[in-house]
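Right, one structure below, let's go through it.
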Amino acid sequence: MAESPDRRSSDIDEAIMQATYRALHEHGYAGLTMQRIADEYGKSTAAIHYHYDTKEDLLAAFLDYLLERFREAVHEVETTDPEQRLQLLLDRLIVDPGDHHGLLIAMLEMRSQAPYNETFRERFRQNDEYIRYLLETVIDHGNEAGVFAGVDPEHTARTLLTVVDGARTRAVVLEERTALETARRAVEEYVDVVVLA
């Protein structure tokens, strides 16, 4: 029995996204070419161009793909307890650089292009808005439940993300191996002192 066209297209997109991940991890944004992605994909560049006209189109789809993976990971969090949910969200945001160091480098390179590339800027903006929305929602819920100290959800979410973004930058630019661990500790202290009732 043949696969449905939607299933086949989805499988192809997933394979191309995985190839893009591996190529970015290996070569970084500056060294990324359609040929290197094709090499990881195991097919010709024409096979990729059939689905994505340009490298920019492919990378925009890749940013969407990463956000979707993050959404799926967040939706796996089953607890409705505001404090536990906030801690789990922060765990998802502050990843082990050992597993994703090459991708962190590539993402920082892509972020550096955002001021000049509206497609990238829009994707990063959407990603940031979604993550802030998740944090604001759980903080608001914690405030209403009396678990949190009535903190401003928007300000608190922006503060937490500023720490996360700063740690990712330090981990990449300065090769500071403890940056993400330090960030995780800092947000834990911030939550304990400022957020919790």
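With the Cα gyration tensor of the stretch 125-197 giving a ≥ b ≥ c as the square roots of its eigenvalues, does the rule (a/c under 1.5 for rounded; else a/b larger than b/c for prolate; else oblate) give rounded, prolate or oblate? Write out the running numbers ahead of the final one.
Numbers: a/c = 3.53, a/b = 1.62, b/c = 2.18.
Oblate, since a/c reaches 1.5 and b/c is not below a/b.
Label 7 Å along Cα→Cβ of Glu118; the stretch 33-65 residues with amide nitrogen under 20 Å? Backbone N within reach: 53-64. Each Lys and Arg Cβ is given +1 and each Asp and Glu Cβ -1; about its Cα centre, the chain then shows a dipole of about 560 debye.
The mean sequence separation of alpha-carbon pairs under 8 Å and at least six residues apart, normalised by the residue count of the stretch 1-154, gives a relative contact order of 23 percent.
For Glu26 and Asp81 in one chain, what is 0.36 nm times their gap in residues minus the Cα-Cα distance, to one decimal in nm?
Working: separation 55, 0.36 × 55 = 19.80 nm, distance 3.90 nm.
Residue separation times 0.36 nm, minus the Cα-Cα distance, leaves 15.9 nm.
For Asp128 and Thr45, FRET efficiency with R0 = 22 Å and r from the beta-carbon atoms, rounded to 0.05? Spell out each step's value before the answer.
Details: r = 32 Å, r/R0 = 1.44.
With a Förster radius of 22 Å, E is 0.10.
Considering only Thr54, Ile16, Leu67, and ranking their Cα positions along the charge dipole of the stretch 1-151 that arises from unit charges at the beta-carbon of Lys, Arg, Asp and Glu, the one farthest toward the positive end is Thr54.
Could you compute the FRET efficiency for Phe70 and Leu174, with r as their C-beta to C-beta distance and R0 at 30 Å, rounded to 0.05? Before the final figure, lay out the partial values.
On the way: r = 25 Å, r/R0 = 0.83.
That pair, Phe70 with Leu174, gives E of 0.75.
Could you give me the percent of Cα pairs per 5 Å distance bin for the chain, shortest bin first, beginning at zero and ending with the bin that holds the maximum distance? Taking every Cα pair in the chain, the percentages come to 1, 7, 14, 17, 17, 15, 11, 8, 5, 3, 1, 0. When both the stretch 141-181 and the stretch 29-60 are represented by their alpha-carbon centers, they are found 34 Å apart.
Round to the nearest 0.05 the FRET efficiency obtained for Glu56 and Glu154 when R0 = 35 Å and r is the Cβ-Cβ distance.
Working: r = 32 Å, r/R0 = 0.90.
Between Glu56 and Glu154 the formula returns 0.65.
Each reported figure results from applying straightforward, stated rules to the coordinates on display, with no laboratory input. From a predicted model like this one, the values you see are computed outputs, not experimental measurements. Neighbour counts run over all protein chains shown; Cβ positions are idealised from the backbone, glycine included.
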